[in-house]
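Presented below is the structure to which this report refers.
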Amino acid sequence: MEIEVFSLYKRFTNIFKLDVQGGSIYESYVADENTHFHRGKYYTHVKTPAKVEHVHPDVVTSLVRKAFTQKLIASGYTVDFETAFQSREDEIRNNAFSDIVQVFNGFRFRILGSSNRIYMICDPHLVIRSKASVGHILSLGVPIAILTGVKVSELSSSKTIGYIKEQNFQGGKIRIQKFDKPGPEDVEPNSISIEPRPEVIHNILSYAGRNVDFITLQRQKSLLDSKTASRDRFSQTLLTVDKLRKIFPLIFGDFTVNLAKDPLVVQV
């Protein structure tokens, strides 16, 4: 098979070829948002005195990935690792949960290289982001037992820092176990937010008296209960990629990258 890394996909896929034209690669002596580290050296598309004539294909793939991510952000997308969405266009609004979580029709992407070619893989993905602090959730009458063991992050960051152990009723704080410390720590409940697992959000909404079945909503929006799930996901992928065409071509340095019109057909 021509593309071994994609052997799990059948016939029409969610894989689109990226046509890379031109381009020069240079060795860099500093690391920044435009560089790729490979085998002890930094490489960039930004012109320096040290032009490289031959470079490993992984370097070009990485630079294309960086350019794609940067163009997404510049075009109004929120990008978290390889997940992206547009805040205004993609949000699923519902007053029953909008103060606790935000839900978006987003997508996951990967930029991969194989046999000196570069491809974009795109998958529809329901993005759930925590919005409320633990303090706000508790103020709704939700018992701390529902949150015990749930991972938490600082309210100003999406990085997970630990998990909830219990509530310190004497000090009004929340006792958490941080991953980087041996013992528990008491923190202000308004300073942390929870990992928005669907089952946890569902329980929170139930205790808060909200009239919404969050598990069912999550499954419906993720196409998990669809009798034609594969076809529906493929259709959603085509719609997502059609939107992404607006950010192409990618132009960085001497490179120009275009997105193929049709998805890849894999011969099996």
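Which condition does residue 32 not pass, out of (1) part of a helix (DSSP H, G or I); (2) without any contact (Cβ under 8 Å) to a residue 24 or more places away in the chain; (3) among the charged types (D, E, K, R), if it passes all the others?
Only one criterion in (1) part of a helix (DSSP H, G or I); (2) without any contact (Cβ under 8 Å) to a residue 24 or more places away in the chain; (3) among the charged types (D, E, K, R) is unmet by residue 32, namely (1).
What residue, among those in segment 148-165 that are crowded, with 16+ Cβ neighbours inside 10 Å and over 24 Å from the mean Cα position of the chain (by Cα), is nearest to residue 201 (Cα to Cα)?
The extreme case among them is 164.
What's the number of the only condition in (1) out of contact with any His (no Cβ under 9 Å at 6 or more places or on another chain); (2) modelled with pLDDT under 95 that residue 137 fails to meet?
Going through the list (1) out of contact with any His (no Cβ under 9 Å at 6 or more places or on another chain); (2) modelled with pLDDT under 95, residue 137 breaks only (2).
With a cut-off of at least 2 residues that are closer than 27 Å to residue 98 by Cβ and touching a helix residue (DSSP H, G or I) at 6+ places or on another chain (Cβ under 7 Å), name the helices (runs of 4 or more DSSP H) lying wholly within segment 164-247. Reasoning before the result, please.
On the way: elements: 198-207, 214-221, 229-244.
It comes to 198-207, 214-221.
On the given criteria, is residue 47 surrounded by 11 or more Cβ atoms within 10 Å (Cβ to Cβ), outside any strand (DSSP E or B) and of a type in the set (Lys, Arg)?
On the way: surrounded by 11 or more Cβ atoms within 10 Å (Cβ to Cβ): yes; outside any strand (DSSP E or B): yes; of a type in the set (Lys, Arg): yes.
When the stated conditions are applied, residue 47 passes them.
Which residues, taken from segment 94-139, are closer than 16 Å to residue 198 by Cα and basic (Lys, Arg)?
Matches in segment 94-139: 129, 131.
So which residues in segment 116-147 are surrounded by fewer than 16 Cβ atoms within 10 Å (Cβ to Cβ), of a type in the set (Gly, Ala, Ser) and either assigned by TED's automatic domain parsing to the domain that holds residue 54 or farther than 18 Å from residue 177 by Cα (or both), if there are any at all?
139, 141
The values are calculated or read from the model by the stated rules, or taken from the named source; none is laboratory data. None of the values given here were measured: they were computed from a predicted structure. Neighbour counts run over all protein chains shown; Cβ positions are idealised from the backbone, glycine included.
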